[in-house]
Amino acid sequence: SCLEEDFTSGYQNLAVLRQRTDALGLTGLPYRVYLFSDLERKDFPVFRTYLLPNLFRLTPGRAALVRQKLMRNGSVVILGPATGISDGMQLTAQPISRLLEVPMELVRRQSARRVLVYGGNHPALSALQGPETFGDSYAYGPILQPVADVTASGGVELGKVSAWWRSNCAGLILKEFGAGAAGNGKPGVRGSGDCALVFSMAAPLPSGVLRSLALYAGCNPWSDIGDVVAASGNMVAVHSIRPGPREIHLPTPAAVTDAVS
């Protein structure tokens, strides 16, 4: 994605580096980092939550991969502020509008932006203790934003954007497809096309919001928020940033051996 922007590091610092170290790594959930080209592999693993922080170029082929590999099994797919801002030839809001199925527009301005999240008003945010604001003072653009009320397109406004220009629209949007996310309360097994997309107008998303969205997708909360977790099918490691007891939630019953002692 670095080849598809203006070669400054500001947005990448927010959406990739700070997103990982300041937030994603502190959700109490394990995570992996992949290249977009990894989606083309037949053995690409299945997860419950996906975060696409800098998918600028969204061609029809790339959109098809997202639908085939990510938008299934009740997953939640979180999209960064510049997702689909290019069709490979020009800057346009059409790719994200088609993927999200919410009318979006491209505003050729740069702006610092923050999002006020309505904590607890929707099941996808039920793990939050209350309202929360996230974003940064770094100005970047162009801006992708919804054209009108997202509820008219079947979306949900989870938060409002605050930007340094005339804008008063939804800043955190959730749109469910098929039977939706695993945690929305609807019965039944989830399959192809059953998912929820979340589009954010600001980055980085905080650990509390990421954790709540992941739990909405059915992710297993291994440890407390604020803990760095690495886990696989036969190993779990926890790095805590504060003292005190921890309760580790394994996804299935297992015999546990302390690797240190």
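The values are calculated or read from the model by the stated rules, or taken from the named source; none is laboratory data. Nothing here was measured: the structure is a model prediction, and the numbers come from that model. Positions of Cβ are backbone-derived with ideal geometry, glycine not excepted, and every protein chain shown enters the neighbour counts. Side chains are part of the model used for accessible areas, which takes the heavy atoms of the whole protein and leaves out ligands, DNA and RNA. Shrake-Rupley method; radii C 1.70, N 1.55, O 1.52, S 1.80 Å.
Whenever you get a sec, line up V238, V16, V117 from highest to lowest accessible area (probe 1.4 Å, protein heavy atoms).
Ranked list, largest accessible area first: V238, V16, V117.
Which length gain, in nm to one decimal place, applies between S240 and L17 when the Cα-Cα distance is subtracted from 0.36 nm times their residue separation?
78.3 nm
Please report the relative contact order for the stretch 107-261, taking Cα pairs under 8 Å with a sequence separation of at least 6, and give it as a percent rounded to a whole number.
20 percent
With an 8 Å cut-off on Cα pairs and a minimum separation of 6 or more residues, tell me the relative contact order of the stretch 1-123 in percent.
Relative contact order here is 20 percent.
Over the chain, what percent of the accessible surface lies on carbon and sulfur atoms, probe 1.4 Å?
55 percent
Short version: ³J(HN,Hα) in whole Hz for each residue of the stretch 88-98, in order, from phi by Karplus 6.51 cos²θ - 1.76 cosθ + 1.60 (θ = phi - 60°), x for Gly and Pro, what are they?
Working through the residues one at a time gives x, 10, 8, 7, 7, 8, 5, x, 6, 4, 5 Hz.
Once you order the gyration tensor axes a ≥ b ≥ c over the Cα atoms, which shape class does the stretch 115-163 get: rounded for a/c under 1.5, otherwise prolate or oblate by comparing a/b with b/c?
It comes out oblate by the Cα gyration axes.
Please work out the average accessible area per residue across the chain, using the 1.4 Å probe convention, and give it in Å².
50 Å²
Compute the helix-to-body angle for 207-216: its Cα long axis versus the longest principal axis of the chain, expressed 0 to 90° and rounded to tens.
80 degrees
Number of Lys pairs in the chain with C-alpha atoms less than 26 angstrom apart, excluding same-chain neighbours closer than eight positions?
5
Placing unit charges on C-beta atoms (Lys and Arg positive, Asp and Glu negative, everything else neutral), compute the dipole magnitude of the chain about its Cα centre in debye, rounded to 20.
240 debye
Considering the options P142, L39, Q68, tell which one lies farthest towards the positive end of the dipole of the chain, charges being +1 on Lys and Arg and -1 on Asp and Glu at the Cβ, about the Cα centre.
Of the options given, the answer is Q68.
Mark the label point 7 Å from the Cα of F7 along Cα→Cβ and return the residues of the stretch 87-122 whose backbone N is within less than 20 Å of it.
Those under the cut-off are 89-91.
Would you mind classifying the stretch 1-135 by shape? Square roots of the alpha carbon gyration tensor eigenvalues, ordered a ≥ b ≥ c; an a/c under 1.5 is rounded, otherwise it is prolate if a/b is larger than b/c and oblate if not.
In terms of gyration-tensor shape, rounded.
R0 = 25 Å: FRET efficiency of T151 with Q129, Cβ-based, nearest 0.05?
0.50
How do 73-79, 178-184, 46-52 rank on mean C-beta neighbours within 10 Å, highest first?
Ranking the peptides 73-79, 178-184, 46-52 by packing returns 73-79, 178-184, 46-52.
Report the antiparallel proportion of the DSSP beta bridges in the chain as a percent, rounded to a multiple of 5.
Roughly 75 percent of the beta bridges in the chain run antiparallel, per DSSP.
Fully extended, how many nm does the chain gain between L250 and A139 (0.36 nm per residue separation, minus their Cα-Cα distance)?
Difference between extended and current length: 35.8 nm.
Quick one: among P60, P103, P243, which has the greatest mean-square fluctuation in a GNM of the chain with alpha-carbon springs under 10 angstrom?
It is P243.
Is it possible to state the helix-based mean residue ellipticity at 222 nm for the chain, with each DSSP H run of 4+ residues giving -39500 (n - 2.57), the sum divided by total residues, to the nearest 500 deg cm²/dmol? What is it?
-2500 deg cm²/dmol
Rank-order 158-164, 21-27 by packing density, defined as the average count of other C-beta atoms within 10 Å over each peptide's residues, highest first.
Order by mean packing, descending: 158-164, 21-27.
How high is the relative contact order of the chain, in percent, with contacts defined as C-alpha pairs under 8 Å that are six or more residues apart?
The value is 24 percent.
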